[in-house]
1. Restricting to region 124-142, give me the number of residues that are assigned to a loop (DSSP other than H, G, I, E, B) and more than 15 Å from the chain's Cα centre (by Cα).
2. Please state which of the following conditions residue 121 fails to meet, knowing it meets all the rest: (1) under 16 Å from residue 63 (Cβ atoms); (2) assigned to a loop (DSSP other than H, G, I, E, B).
3. Which strands (runs of 3 or more DSSP E) does region 1-113 wholly contain that include 2 or more residues that are surrounded by fewer than 13 Cβ atoms within 10 Å (Cβ to Cβ) and at pLDDT 65 or above?
4. Quick check on residue 132: is it touching a strand residue (DSSP E or B) at 6+ places or on another chain (Cβ under 7 Å) and at pLDDT 90 or above?
5. Anything in region 125-139 that is surrounded by 14 or more Cβ atoms within 10 Å (Cβ to Cβ) and free of Cβ contacts under 8 Å to residues at least 24 places away in the same chain? List them, or say none.
């Protein structure tokens, strides 16, 4: 079944002693350069012989989307570029809430025929068709007794 993949990393190298301080600072002061979304939204539908995954990626160009498959994990990465600088006086921004940055989601593809995945990007929506591996029924063969 196609499900979002959560990587668990308990190694010491993943420890960031300043993470909580950064989160506290962002809670009080915000950060206009940071994305308002942790990840993009997806819908996954079971269509019988395949799954259909739709990912909302508004404002992202097709060339800024990457789909990678490693060890039964499908990763969709996207980047939305900013067209302004925070101290941009020329455009007279009073407030700019449109987010930009890098986004990434990963999905477990156990049971998916990864050689036949198809992807299409149209109107800000990435659509993937992920065919299920066809179940083979065990074949019974009767042996002759001599």
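The values are calculated or read from the model by the stated rules, or taken from the named source; none is laboratory data. For clarity, every value in this text was computed on a predicted model and none was experimentally measured. FYI the Cβ positions are ideal-geometry reconstructions off the backbone, even for glycines, and counts take in every protein chain you see.
1. Looking only at that region, the number is 10.
2. If we test residue 121 against (1) under 16 Å from residue 63 (Cβ atoms); (2) assigned to a loop (DSSP other than H, G, I, E, B), just (2) comes out false.
3. Counting at least 2 such residues, we get 42-46, 65-70.
4. Considered against the rule, which asks whether it is touching a strand residue (DSSP E or B) at 6+ places or on another chain (Cβ under 7 Å) and at pLDDT 90 or above, residue 132 comes out as yes.
5. none
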